[in-house]
Amino acid sequence: MTNDQLTGTVCPLLGGNAEQEATLSASPGVFADFPADLNEKLVERLQELGIEKLYAHQAEAIESALAGHDTVTTVGTSSGKTLCYALPMLQKCLEEPSAKALLLFPTKALAHDQLDRLQELAEGSSLMSSCYDGDTPKSRRSMIRSSAHLILTNPDMLHMAILPQHEHWRKFFKSLRVIVLDEVHVLRGAFGSHTAWVLRRLLRLCEWYGSKPLILASSATLPNAEEHFENLTGRTPVVISQDAAPSSDKKIYLIEAPDDASSGFETPNMLTARLLAELAMNDVRTLAFCKARTTTELVVRQAREHLKAKGAPTGLIDSYRGGYTAKERRDIEKRLFKGSLSGLAATNAMELGVDVGGLDAVILNGYPGSLSSFWQQVGRCGRAGRPGAAVFIAHEDPLEQHLVRDPHALLNAKEAATVSIENPQIAESQLRCAAFERPIAPEELEAIGPSAVEAAERLGEAGELEFNAGRWFYPSYDGPAFMVNIRGSSAETFVLRNGDEVIGDMEEWRAYLHAHAGAVYLHRDRTFVVTKLDLQHGEATLQEDDPGYWTRTQSRSLAQETARISQRDAREVKLGLAGLKITIQATGYQRIKNGSTEILGHEELDLPPLTWDTIGVALDFHPEFASFEDPQALGGLHGLEHALMAAAPLIAGCDPRDLDSVWFAIAPETMAPRIVVFDQAPGGLGFSAKLYEEYEDWIRLASKIVLSCSCEHGCPKCMLSPRCSTGNEPLSKPELKRMLDMLLA
């Protein structure tokens, strides 16, 4: 399909709704010869595959790795990052027959996709490669451990199943020569912080077994690649960042939310579904990214209804998300790779470098949460010299509307990746795991940093570690890793059951908010209603039923200050970085009619609260800033909280879901107005600290988001938040503008 044909298909479907358009023009590549010391067998294999030259950044990365340097390659999507680590890794294994390599991917789908590529590169050699993850049959695991040269897995499996059983991996660790970290920009927030500790656990076991493997990493474009690599591994890398790959023409369409819910109003979900169906019918291979599991299922159902109404086969499209069984995931992946599916609605499980065989278009149903994720999703289309089209559909959210109105913030900004090994909860949970695997010497903790020393001392005082013979020991034969979920704050997983049938699973926090009694759960073509949530046994009971609506949970949060870390004065406000105790309470849920935004009713919930400790930034105002006796002033203060939350992710470089907030007309600590923005992760991950440091830029961006909208009283484009626990009441845009003027004067 040519660029004109693709544009001619996509544009009419948008119906003139595109607020902004951007064109990424094609660019020629910069090529280089194979490095002189690259193994001749690998050169011959590349030539057999039709590769006569490398991109310049590939050659540079390979030369760095072959010289023995830890290396991170950070270039754009479709830039051939796989060869940057695969060729030096394969060379190590070819030159040393007993050498092993461990490759870590953030998702199972990506690992299985890369396995096919590596096997193609290694064809004709004696090298054996295999995936080792939760889907690997137990009958094959021993053989893989003993025989495979290249093992592809994920940080979760390394943490849960490999490191705690390292005695079974003795031979592998002793011969481990290369560790590959793919898509390291994804290793951020809580997941990245846990993974940084998991990698330190891995490296200390390698040292114990007598190996010091080279670490090769790949990433999407990152402004802080060296710092991020160091935070993850404790080592300093060579950074390869000059992208020399050719690129094809790509159109990006930015869709703003409509001004009113008129009779022709299409919600973002409805527009995504219609585009997905119409593009699939026109043989435009399309991937629609949705931010949540429920949204993914809703979009597929609406798209299939559209296909059915047009007389087209509904099997043209399917859905893909977490919670499916391994068999379901593999079946969908095969159909997509082979081209029997024309359209797929997916969560970010399909975001990473999985080669889906030449997609023409992608639809982003809402902002995916970070700039790196935005570009990863956009980069799924228009590969291998093909033109591509990406449609970003903004939701009724001030942050998303700002990104459409100010495309520079979306298309030209760069976003750093953040991890924190200082987080006390993460440090304590990971130290338990490390001490179980091998007793920890004090000098090991000192090398990591003060937070590790303090965490060990706290665990010692609590009796969870014991200091004996100059080392810290874990005082139990039962390993703690299964209690630590490295993708969040809780390892608890809730099982979803329909009678004896297991439908799927959810993390504890997700089950608390989305699998309560009365919640509607969508699973592919089936609809269930939750009849019971058993918090004690970690189980939700479902009954198959289609009530004609879906549900949205409402909750409220409280933030109690426990310690003041730092403080400073700014105009009209005293800023404080503080330790907080957070309490979240699910208060009820809305029933929303299928295919519309109509709220059919509200039901109350009676669930126990969830509590945790974290870090936040507190903005304390003098009493006259917003009098609690003035409803308009309180509406302005509430609006300021919304504006700060809209701007915060772009300042802190995080997903909007990494932060939460509360506001007080009279805070107990100060008896004056207060706004608190805090890290959602227990212990904090540094996002609030970033907001504290960049307060002036934060306020300026919040003001820009509000003032760039021409409405008088506030709307979803500037003030109203879909996450507001009080239904966006009270709010006052005039008062908010007055307050911003005072803060920026």
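Only the coordinates and a few stated rules stand behind these numbers; no lab work does. This structure is a prediction, so every number in the text was calculated from the model and none was measured. Note: ideal-geometry Cβ built from the backbone for every residue, glycine included; neighbour counts use all protein chains shown.
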Using the number of other C-beta atoms within 10 angstrom as an exposure proxy, rank Thr562, Thr71 with the fewest first.
Thr562, Thr71
Which of rounded, prolate or oblate describes segment 271-345 when judged by the alpha-carbon gyration tensor and an a/c cut-off of 1.5?
oblate
Suppose a student asked you for the relative contact order of segment 424-483, using Cα pairs under 8 Å spaced at least 6 residues apart; what percent would you report?
41 percent
Segment 31-240: relative contact order as a whole-number percent, Cα under 8 Å and 6+ apart:
28 percent
Net charge, Thr541 excluded, C-beta distance under 12 Å - Lys, Arg +1, Asp, Glu -1:
-3
Peptides ranked, highest mean first, by Cβ atoms within 10 Å: ranges 725-737, 386-398
386-398, 725-737
Helix-only CD estimate at 222 nm, as mean residue ellipticity for the chain, using -39500 (n - 2.57) per DSSP H run (n ≥ 4)
-11000 deg cm²/dmol
Say R0 is 35 Å: what FRET efficiency, to the nearest 0.05, do Thr726 and Lys414 get from their beta-carbon distance?
0.50
Whichever aspartates and glutamates have a C-alpha closer than 16 Å to that of Lys41, once near sequence neighbours (fewer than 8 apart) are set aside:
Asp33, Glu52, Glu95, Glu96, Glu120, Glu123
Counting other beta carbons within 10 Å of each residue's own, what order do Met506, Met143, Met128 fall into, fewest first?
Met143, Met128, Met506
Site Gln590, offset 7 angstrom along Cα→Cβ, radius 16 Å on amide nitrogen, limited to segment 372-414, gives 395-398
So, in Å, what gap is there between the alpha-carbon centers of segment 690-727 and segment 423-455?
40 Å
Could you list the chymotrypsin sites (Phe, Trp or Tyr not before Pro) in segment 196-296 that lie in coil according to DSSP, counting only those with at most 14 other Cβ atoms within 10 Å of their Cβ?
Phe265
If R0 is 25 Å, what FRET efficiency do you get for Glu446 and Tyr477 from their C-beta distance, rounded to 0.05?
0.35
Using the Karplus curve 6.51 cos²θ - 1.76 cosθ + 1.60 with θ = phi - 60°, what ³J(HN,Hα) values do you get for each residue of segment 666-682, in whole Hz, with x for Gly and Pro?
9, 7, x, 6, 10, 6, 8, x, 8, 10, 10, 10, 9, 5, 5, 6, x
Take segment 493-547, drop everything but the C-alpha atoms, weight them equally and run the Debye formula without solvent; then report log10 I(q)/I(0) at 0.17, 0.27 Å⁻¹ to two decimals.
-0.42, -1.08
Restraint check, Lys108/Lys308; Lys251/Lys704; Lys593/Lys690; Lys532/Lys690, Cα-Cα greater than 30 Å
Lys108/Lys308; Lys593/Lys690; Lys532/Lys690
Quick note, segment 31-240: a/c under 1.5 would make it rounded; otherwise a/b > b/c is prolate and the rest oblate (a ≥ b ≥ c, C-alpha gyration tensor); here it is oblate
Given charges at Cβ of Lys, Arg, Asp, Glu: segment 413-547 dipole, positive-most of Asn498, Pro424, Asn468:
Asn498
Per residue and in Å³, how big is the convex hull formed by the alpha-carbon atoms of segment 424-483?
74 Å³
If each part is reduced to its alpha-carbon centroid, segment 160-235 and segment 518-569 end up apart, in Å, by 34 Å
Sort largest first and round to whole Å: the equivalent ellipsoid semi-axes of segment 1-119, each the square root of five times a Cα gyration tensor eigenvalue.
36, 18, 14
Which trypsin sites (Lys or Arg not before Pro) does segment 531-609 hold that lie in a coil by DSSP with at most 12 other beta carbons within 10 Å?
Arg571
Taking Asp697, Asp660, Asp613 and counting other beta carbon atoms within 10 angstrom, the fewest-first order is Asp697, Asp613, Asp660
Check every DSSP H run in the chain and write down those whose alpha carbon atoms cover 27 angstrom or more along the long axis and whose mean Kyte-Doolittle hydropathy is 0.5 or greater.
631-652
Here, chymotrypsin sites (Phe, Trp or Tyr not before Pro) of segment 399-495 satisfying both criteria (DSSP loop; at most 12 other Cβ within 10 Å) are Tyr477
Dividing the mean separation of Cα pairs under 8 Å (6+ apart) by the residue count of segment 493-547 yields a relative contact order in percent of 35 percent
If I compute Rg/Rh (Cα atoms, Kirkwood Rh) from the structure I just sent, which labelled value in (1) 0.96; (2) 1.06; (3) 1.12 lines up?
(1)
Per the C-alpha gyration tensor (a ≥ b ≥ c, the square roots of its eigenvalues), segment 631-729 is rounded if a/c is under 1.5, else prolate if a/b beats b/c, else oblate; here it's oblate
